[in-house]
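Since the structure comes first, as structure tokens, the remarks are kept for the end.
Rule-based calculations on the coordinates, nothing more; no lab input. All values derive from a computational prediction rather than experimental measurement. Positions of Cβ are backbone-derived with ideal geometry, glycine not excepted, and every protein chain shown enters the neighbour counts.
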Amino acid sequence: MSAIFLYEDGQGEIYDQSGNDAMDLELEEDVNSFHLETLINVRRYCESQGQEEESLMKDLVTRMENVANLAEKI
């Protein structure tokens, strides 16, 4: 079994190393769907972590602004 590396072009299109469209690839029949599910779950987890961090940063900025406003009043 050989490895196939796929790349996203930044516009939602996925290609292999030679520039061929990923949908045109002929994959072996023994592709393990468990591995594909795992990759999808990992990607979803990473995406959700980014949103959580963004939310925490917004909360931190809000708190810092509140502290700055209180300091100006003193």
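Convert each backbone phi in the stretch 61-72 into a coupling constant with the Karplus relation 6.51 cos²θ - 1.76 cosθ + 1.60 (shift: θ = phi - 60°), then list the ³J(HN,Hα) values in order as whole Hz, x for Gly and Pro.
The phi angles translate into 4, 4, 5, 5, 5, 4, 5, 4, 5, 5, 5, 5 Hz.
GNM on the chain, C-alpha springs below 10 Å: top fluctuator among Glu47, Glu26, Glu37?
Between Glu47, Glu26, Glu37, it is Glu26 that shows the largest mean-square fluctuation.
Give me the extension gain from Glu13 to Gln51: residue separation times 0.36 nm, minus the current Cα-Cα distance, reported in nm with one decimal. Please list the in-between numbers first.
On the way: separation 38, 0.36 × 38 = 13.68 nm, distance 2.34 nm.
Contour length minus Cα-Cα distance gives 11.3 nm.
Which of Ser18, Ser55 comes first, and how do the rest follow, when ranked by fewest Cβ neighbours within 10 Å?
So the ranking, lowest neighbour count to highest, is Ser18, Ser55.
Express in nm, to one decimal, how much length is gained between Ile40 and Leu70 on full extension, taking 0.36 nm for each residue of separation and deducting their alpha carbon distance.
Details: separation 30, 0.36 × 30 = 10.80 nm, distance 4.56 nm.
Gain in length upon complete extension: 6.2 nm.
Given charges of +1 on the Cβ of Lys and Arg and -1 on the Cβ of Asp and Glu, with all other atoms neutral, how large is the dipole of the chain about its Cα centre, in debye to the nearest 20? Walk me through the numbers on the way to the answer.
Details: 5 positive and 18 negative charges, 165 e Å.
The calculated dipole for the chain is roughly 800 debye.
What spacing in nm lies between the two simple spin-label points modelled at Ile4 and Lys58, each 7 Å away from Cα in the Cβ direction?
3.9
Work out from phi, with θ = phi - 60° and the Karplus expression 6.51 cos²θ - 1.76 cosθ + 1.60, the ³J(HN,Hα) of each residue of the stretch 47-59, listed in order in whole Hz, and give x for Gly and Pro.
5, 5, 5, x, 5, 5, 4, 4, 5, 5, 5, 4, 5
What translational D, rounded to a whole number of µm²/s, comes out for the chain from Stokes-Einstein when the hydrodynamic radius is the Kirkwood one over Cα pairs, at 4 °C and 1.567 mPa s?
Working: Rh = 16.6 Å.
Calculated translational D: 78 µm²/s.
Can you tell me the dipole magnitude for the stretch 32-74 around its Cα centre, using point charges on the Cβ only (Lys, Arg +1; Asp, Glu -1), in Debye to the nearest 20?
On the way: 5 positive and 8 negative charges, 6 e Å.
Dipole of the stretch 32-74, to the nearest 20 debye: 40 debye.
Show me, for the stretch 4-17, the HN-Hα J-couplings you get by feeding each phi into the Karplus relation (A = 6.51, B = -1.76, C = 1.60, θ = phi - 60°), rounded to Hz, glycine and proline as x.
Each residue of the stretch 4-17 in turn: 10, 9, 10, 10, 9, 8, x, 10, x, 9, 10, 10, 8, 4 Hz.
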